[in-house]
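Asker: Okay, here's the structure, questions in a sec.
The numbers here are math on the coordinates, done by the rules we state, and not lab data. Note that the structure is a prediction, hence the values are computed from the model and not measured. We place every Cβ from the backbone using ideal geometry, glycine too, and count neighbours over all the protein chains shown.
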Amino acid sequence: MTSFMPPADRHWWKVPVGKQELIWIAIALVWCIIMFLMMPLWHVYGKQNLSTEAYQTTPAKFGAKVEEMVEKYTVGEEAGIPIVAPPVGSDIYMLGRLWQWYPVLKLKKDQEYRLHLSSMDFQHGFSLQPDNINLQVVPGYDMVLKITPDKSGEYGVICNEYCGIGHHLMVGKIYVED
């Protein structure tokens with residue numbers, strides 16, 4: 001013999017909300033408002049998110065700009081890749097392609113540059129180490145960010161978006177001098 005429960009005499013929408021429930025709802029609502037307001041504040045004051053610009057381009061156009069910069073400002077070579085020392089405050093270019101970052105950049109400490117990034121072939125991830133700067137670099141787009149290196153030394157540029165069998169070899173460099 002099966003027994004069924006009788007239908008509820010009270011409906012949930014007609015039952016008064018308990019005091020403890022109201023307190024938790026209020027706490028959750030206040031916390032949501034705080035977190036919502038923190039997002040724009042953290043973007044502006046937290047210096048975690050880069051303000052970037054993006055422009056459509058073609059790999060051929062972007063490659064020509066990179067080569068123009070390389071021809072003007074090459075100061076050396078490292079493992080067959082030119083080392084470029086552009087003037088302070090200038091637009092600098094770095095491109096990702098299977099499986100390298102090109103060229104190696106030599107920048108001045110505490111000086112601002114506009115770094116242009118693009119890919120010649122696939123989507124790549126630009127990760128500047130040891131700083132925590134991460135961007136997606138996509139073919140057909142020129143990603144521009146303002147950078148002001150504040151520590152001298154050698155910075156590694158790695159691809160953090162799987163781009164094929166040589167992905168682990170895709171390492172570049174940026175040197176910052178006093």
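Asker: Points 7 angstrom from Cα along the Cβ direction at GLU68 and LEU169: gap in nanometres?
Answerer: Inter-label distance under the simple model: 3.1 nm.
Asker: Compute the acute angle (0 to 90°) between the alpha-carbon long axis of helix 59-73 and the principal axis of greatest extent of the alpha-carbon atoms of the chain; round to the nearest 10°.
Answerer: 50
Asker: How large is log10 of I(q)/I(0) for the chain at q = 0.12, 0.14, 0.16, 0.17 Å⁻¹ when the intensity is taken from the Debye formula with one equal scatterer per alpha-carbon?
Answerer: One equal scatterer on each Cα of the chain leads to -0.63, -0.79, -0.98, -1.08.
Asker: While we're looking at this one, here's another question. Would you kindly derive the ³J(HN,Hα) couplings of region 75-80 from the backbone phi angles with the Karplus curve 6.51 cos²θ - 1.76 cosθ + 1.60 (θ = phi - 60°), listing them in order in whole Hz, with x for Gly and Pro?
Answerer: 10, x, 8, 9, 6, x
Asker: Within the chain, what's the longest run with no trypsin sites (Lys or Arg not before Pro) in a DSSP loop and at most 13 other beta-carbon atoms within 10 Å? Give the range, please.
Answerer: Formally, the longest exposed-site-free interval is 48-108.
Asker: Answer rounded, prolate or oblate for region 120-178, using the Cα gyration tensor with square roots of eigenvalues a ≥ b ≥ c: rounded when a/c is under 1.5, else prolate when a/b is larger than b/c, else oblate.
Answerer: It comes out oblate by the Cα gyration axes.
Asker: Still on this structure, please answer the following. Before anything else, pin down the relative contact order of the chain: Cα pairs under 8 Å, at least 6 apart, normalised by residue count, whole percent.
Answerer: Computed over the chain, the figure is 20 percent.
Asker: Right, here's the next one. I want the antiparallel fraction of DSSP beta bridges within region 1-160, as a percent rounded to 5.
Answerer: For region 1-160, the DSSP antiparallel bridge percentage is about 75.
Asker: Long-range amide H contacts for ILE133: which residues qualify at under 5 Å (H placed 1.01 Å from N, peptide plane, sequence gap of 5 or more or a different chain)?
Answerer: LEU128
Asker: In terms of modelled amide H atoms, which long-range or inter-chain residues lie less than 5 Å from the amide H of LEU107?
Answerer: TYR175, VAL176, GLU177
Asker: Next up: Enumerate the calculated ³J(HN,Hα) couplings along region 148-165 in order (Karplus 6.51 cos²θ - 1.76 cosθ + 1.60, θ = phi - 60°), each rounded to whole Hz, writing x wherever the residue is Gly or Pro.
Answerer: Coupling constants for region 148-165: 9, x, 10, 9, 7, x, 9, 10, x, 10, 10, 8, 10, 10, 3, 10, x, 5 Hz.
Asker: Hey, another quick one. Among LEU41, LEU115, GLY76, whose Cα projects farthest towards the positive end of the dipole of the chain, with charges put on the beta-carbon of Lys, Arg (+1) and Asp, Glu (-1)?
Answerer: LEU41
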